[in-house]
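No lab work stands behind these numbers, since they all come straight from the coordinates. Quantities reported herein were computed from a predicted structural model and do not represent experimental measurements. Because the Cβ atoms are built from the backbone with ideal geometry, glycine has one as well, and the counts that use them run over all protein chains shown.
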């Protein structure tokens, strides 16, 4: 396994990155960033992807991965959940208003955007992957590392909630 | 395609179009939202190289004392999920041989390093004593678990029937809200149904409430039935989907009322020294790799001999002819008992759930709980004693743990899944502790019938239950 030492894009920090990791990221960076946008909004998507990849690529599981693309999607979902948790604590401390509707969603059908923003990250992940590229439940399950039944349940509950909100 | 699908597709694609350019890849491990401090970050980058050399040397020469290698020096900072969990067991027991009546508490402090696969929880008891466990691999299915100190929480029990326990007695380490979905565990999304209204957990945090209610029965050694009522609650953070608090109440009519409550009081990422996972001074308590190979048996798929329902266990569709007809059909069609004796519960109302006992010519008895659902008909909601649950292997496949049945040499399992009813058989002659069901994961089985056959192929007994919401 070859290793290259380069200058990362963050504070000019010297980093040690496995070359295959760089290649894997280059291949999937666009779809991962798009996925992150669906989870946390466009203004925070880059941070979430960058943190997820930094965390993943020094981990033991990365070296053992048989499906690197799926692992990267799961890492972004994890980072999005951590992001929501941290933001909620911060908002609570600062006694600000509800976090709903603050995802930087585009102003198209705002009631739909607000309803999607009210879903949990896992539900949002399933909704995004299902509707972005018309992925079937099995493919979404493989990407997120869950069973097909779990995907169907997430999607069913998300649709149920959206139907309630949207009337 | 309906209107909701179309609106969602439009929205998702619109959101996707707004995605920014991908960020550059970096290999540090400092969250990007923290204030930039060049000095510490450069120092951390130096550590990466040092750690690499250290691990390399240890991999070549190995560890000579049998203890696991700590990845990095004891002072190496590692980022972990850190949780404080309050655990309470409340038991009101009125059975014979009652043990553990009253309230018992402990507090768990958990450190989880999913990247390196190491997990520690420390229980602190009211008297100040502690019990530590360190698990390697996965918190739920560790390959090894090390422990020190003794579990002190008394498990409430009615005779031999345990009704709760100390969370530090098994090989697994407690952790809530895993970073990735685990195929090995069922959670509120699989089991619970959302309860309408505004809810808060015991710490006053706003939450969604998911609930699962199971009504069934237990059987005493003398054959007496008693009603069981079990309620699982999950208070869930609406935004993150994290479980904030969960409880399980188990009520056995005129015998026990036990509630286990788990509150995730705090959950955050923090940096700690790697020495927190040092197992020096611990005893090896579990070696999962060896155990699973020795004790697990893989069942063989077979053609299902009946069709299970998804809400009620059997039949599918429900039978409007009534509970006695359901019991008789079950005896003939599922168990192969051609001339069953059917004994109804004499005290039950015509339209209420009822217990029915069936018996074959050889004297084998089986009790079933049969309930109506409107005009659709009647179906079974519990078969036999609630002894065989569904679990999971470390690879995520569903497993069941057979119970000892005198004379049984073979087990047959039917499960309803999204792909219809599936069936398997396995040999019991070596007394396997776990039987792995290939091709389904734990969350996929909705109802289950497990039957036991003797060496002539006759069914001796069975049990069954319902698992989905």
Hydrodynamic radius (Kirkwood) for the stretch A:108-167, which is based on Cα pairs only, to one decimal in Å: 11.6 Å
Convex hull over the alpha-carbon atoms of the stretch B:77-294: what's its volume per residue in Å³? 152 Å³
Model label zone, residue B:427; criterion: amide N under 17 Å from point 7 Å along Cα-to-beta-carbon; scope the stretch B:297-333: B:297-302
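Once the Cβ-Cβ distance between residue A:23 and residue B:284 is put in as r, and R0 is 41 Å, what FRET efficiency do you end up with, to the nearest 0.05? Kindly include the intermediate steps, with their values, before the conclusion.
Values: r = 40 Å, r/R0 = 0.98.
It comes to 0.55.
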Please compute the length gained on full extension between residue B:266 and residue B:376, using 0.36 nm multiplied by the number of residues separating them and subtracting their Cα-Cα distance. 34.9 nm
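Which order do peptides B:241-253, B:205-217, A:72-84 fall in by mean Cβ count within 10 Å, highest first?
Working: B:241-253: 19.5, B:205-217: 17.9, A:72-84: 24.7.
Result, highest mean first: A:72-84, B:241-253, B:205-217.
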Output the Kirkwood hydrodynamic radius of the stretch B:199-281, Cα pairs only, in Å rounded to one decimal. 15.8 Å
Sort A:149-155, A:29-35, B:148-154 for me by packing, meaning the mean count of neighbouring Cβ atoms within 10 Å per residue, highest on top. A:149-155, A:29-35, B:148-154
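Could you tell me what fraction of 2.2 N^0.38 Å the Cα radius of gyration of the stretch B:141-263 comes to, as a two-decimal ratio?
Values: Rg = 16.8 Å, N = 123, 2.2 N^0.38 = 13.7 Å.
Expressed relative to 2.2 N^0.38 Å, the Cα Rg reads 1.22.
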Any idea how far apart residue B:325 and residue B:419 come out in nm if each label point goes 7 Å out from Cα toward Cβ? 3.4 nm
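Give the average, rounded to an integer, of partner chain Cβ atoms located within 10 angstrom of each Cβ in A:129-142.
Taking all residues of A:129-142 together, the mean is 2.
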Other protein chain Cβ atoms within 10 Å, averaged over every residue that makes up A:143-154: 6
How many percent of all Cα-Cα pairs in the stretch B:213-347 sit more than 23 Å apart? 69 percent
